[in-house]
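Trainee: Here it is: the structure, laid out below.
Where a number appears in this text, it was derived from the coordinates with a stated rule and is not lab data. For clarity, every value in this text was computed on a predicted model and none was experimentally measured. With ideal geometry, Cβ positions are generated from the backbone for all residues, glycine too; neighbour counts draw on all protein chains shown.
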Amino acid sequence: MPEIKPTNRRTALQSAALMTVGAAIGTVTSGCASTGTAGGTPKTPFTVPDTFVPIVGSDMMFPVRRIYCIGRNYRAHAIEMGSNPDREPPFFFQKPTDAIQNCAPGSVVDHPYPSLTKNYHYEVELVAALNKGGRDIPVEKALEHVYAYALGLDMTRRDLQRAMGDEKKPWEIGKSFDRSAPIGPFHLASAIGHFTKGGIWLKVNGAIKQNSDLNKMIWNVAEQISKLSQANELFPGDIIYSGTPENVGPVVRGDVIECHIDGLPNLSVKIV
């Protein structure tokens, strides 16, 4: 019997579960079994749009499965956030996939100021996109899983994040909301190489706010992938926001944010 790969096994189990549940529901509601599928695609009461990011130099789009983000991954940023800057174990959180806001290079994209906050912060980050998955990925093999890189923003409702933290509650509301993940197009790692160093900066209305180097990450991209794969099985389509340098700060309506990482085109948004 041929070996079933983990990804195929998971897909097979999910399909079997869907068919079993569909059959059970069909039996209960109509007195006859029904899989609720047509040509292998489940019938659904409505359509949920998928999330894609353009790939430079290709007519293909990158399908986003999950958005992972690492917290406090630059020493100076960890200090400004009141955390221990030493090499403590990394921690990750997630944004919903539809938090993606695609931003074309050479344009200034309108970015809506979100509800419920009076302290809306920018965080510029390198984003890595995976085309291979796995569990317990060794650090020395981790970059083999990186398909492409992009420039991104981890926009944050800081007052809500801090309020939840003070109350010892999950601070998802501060990080995970509509359009909280602006991103530029993906550039293939095979074409541009992997990022271990290089300038990373952010301006607001032309004034430098964040200015650092990727080599100041506490956990580099390979280490992030390895650590994250110990907690979650990773899959193609997963993307990782790799942390932001110090000097995060607020923006208001009318402000223009410009972001830069050496080797990638700039990303710009206007807060509206």
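Trainee: Taking a ≥ b ≥ c as the square roots of the eigenvalues of the Cα gyration tensor of segment 104-189, is the shape rounded (a/c under 1.5), prolate (a/b larger than b/c) or oblate? Could you put the intermediate results ahead of the total?
Mentor: Numbers: a/c = 3.45, a/b = 1.43, b/c = 2.42.
In terms of gyration-tensor shape, oblate.
Trainee: Here is a follow-up. With a ≥ b ≥ c taken as the square roots of the eigenvalues of the C-alpha gyration tensor of segment 49-271, please select rounded if a/c is under 1.5 and otherwise prolate if a/b is larger than b/c or oblate if it is not?
Mentor: Rounded is the answer for segment 49-271, as its axis ratio a/c remains below 1.5.
Trainee: Okay, moving on. Counting only C-alpha contacts under 8 Å and six or more residues apart, can you give the relative contact order of the chain as a whole percent?
Mentor: Details: 579 pairs, mean separation 70.7, N = 272.
Reported as a whole number, the value is 26 percent.
Trainee: Let me ask something else about it. Name the residue, out of ILE225, ILE257, ILE55, whose mean-square fluctuation peaks in a Gaussian network model built on the chain with Cα pairs under 10 Å.
Mentor: ILE55
Trainee: Checking understanding here: applying a Kyte-Doolittle mean of at least 1.0 and a length along the axis of at least 18 Å (C-alpha), which whole DSSP H helices in the chain pass?
Mentor: On the way: long enough: 6-30 (35 Å, 0.32).
Qualifying helices: none.
Trainee: Go ahead and set up a Gaussian network model of the chain, Cα springs under 10 Å, then flag whichever of PRO42, PRO114, PRO89 fluctuates most.
Mentor: PRO42
Trainee: Still on this structure, I have one more. Sorting PHE186, PHE93, PHE46 on the 10 Å Cβ count, fewest up front, what's the list? Could the numbers behind the result be given before it?
Mentor: Details: PHE186 25, PHE93 17, PHE46 4.
Lowest count first: PHE46, PHE93, PHE186.
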